[in-house]
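The values are calculated or read from the model by the stated rules, or taken from the named source; none is laboratory data. Please read these numbers as outputs of a predicted model, since none were measured by experiment. Backbone-built Cβ (ideal geometry, glycine too); neighbour counts: all protein chains shown.
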Amino acid sequence: MSEGRSRLVGLAPVIAPNTKLVVLGSFPGAASLKAQQYYGHPRNHFWPIVGALLGLDLVAMPYDARMAMIRERGLGLWDVYAACLREGSLDSAIEAAEHNDLGQLRQLAPGLVAIAHNGGESARSMRITQALGLPVYRLPSTSPANASWSFERKLAAWCEVFEACGLTAASKER
C-alpha cells in the first residue's frame, strides 16, 4: 500500500428496476464517505442541479427523502470505482482503483435507457458502459474542483441528458 493512503470502500448503488438513467461518479469524496451519502460535499452542484431538473428542492430534503425521490423519478446513482487508495478527495489522487461490476447495470435496472458519467475520471470507464449497448453520456463534473464550469453551464449540459431520458420536470408535463 502507498504510504499515507488508506484503502477506501465506496457506497452501495442506488438503483431500482424502474431506473431510466444511472449517473456514475468516480468515487465518493471524503465528505461523502464520512456522511455515507452520495455528493455529500455542501459545495458540490449535484443536488442543486438534479433538484432543478426534477422540479424539486432536493437540497432542503433529508438525505433519505432525496434518495426516495430520485428512485421514484427513475434516477440511479453509483460510482465506477468500488474501492481505491486515496488521500483527500481529488480524483487525481486515486490509486489502485477496483471497478464496480458495471456490467450488471442492465440486470439491476431492466428499464435503463442511458448511462451518464459525472466528470472525466468516471468517463475513463466509458468503454465498459458503452459495451452495454445503451446511450452513454459524459457530463461535466458537479464537483467544486470543476470551477471552470459555472453552475448555469453545468445545468444546461445536464439538462440535455435528463431531457433525452424523459427525466426533467418539463418532460413530465409533455
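Summary table below
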{"quantity": "Residue that is surrounded by the fewest Cβ atoms within 10 Å (Cβ to Cβ), among those in the range 87-118 that are part of a strand (DSSP E or B) and small (Gly, Ala, Ser)", "calculated": "Ala96"}
{"quantity": "Subset of the range 119-134 that is part of a helix (DSSP H, G or I) and not small (Gly, Ala, Ser) - its residue that is surrounded by the fewest Cβ atoms within 10 Å (Cβ to Cβ)", "calculated": "Arg127"}
{"quantity": "Residues of the range 135-161 satisfying the condition of being outside any helix (DSSP H, G or I) and touching a residue at least 24 places away in the same chain (Cβ under 8 Å)", "calculated": "Pro135, Tyr137, Leu139, Thr142, Ser143, Pro144, Ala145, Asn146"}
{"quantity": "Of residues in the range 59-68 being touching a Gly at 6+ places or on another chain (Cβ under 9 Å) and not hydroxyl-bearing (Ser, Thr, Tyr), the one surrounded by the most Cβ atoms within 10 Å (Cβ to Cβ)", "calculated": "Arg66"}
{"quantity": "Residue match in the range 162-173 (condition: in a helix (DSSP H, G or I) and either surrounded by 19 or more Cβ atoms within 10 Å (Cβ to Cβ) or of a type in the set (Ser, Thr, Tyr) (or both))", "calculated": "yes"}
{"quantity": "Qualifying residues in the range 1-40 (those that are in a strand (DSSP E or B) and at pLDDT below 95) - the one farthest from Asn100 (Cα to Cα)", "calculated": "Ser6"}
{"quantity": "Some residue of the range 44-52 being closer than 16 Å to Trp149 by Cβ, part of a helix (DSSP H, G or I), out of contact with any strand residue (DSSP E or B) (no Cβ under 7 Å at 6 or more places or on another chain) and not hydrophobic (A, V, I, L, M, F, W, C)", "calculated": "yes"}
{"quantity": "Subset of the range 68-108 that is under 15 Å from the mean Cα position of the chain (by Cα) and among the small types (Gly, Ala, Ser) - its residue that is nearest to Phe46 (Cα to Cα)", "calculated": "Gly76"}
{"quantity": "Residue match in the range 143-160 (condition: within 28 Å of Lys34 (Cα to Cα), among the charged types (D, E, K, R) and exposed (fewer than 15 other Cβ atoms within 10 Å of the Cβ))", "calculated": "no"}
{"quantity": "Residue in the range 65-74 that is in contact with a Phe, Trp or Tyr (Cβ under 6 Å, 6 or more places away or on another chain) and not β-branched (Val, Ile, Thr) present", "calculated": "no"}
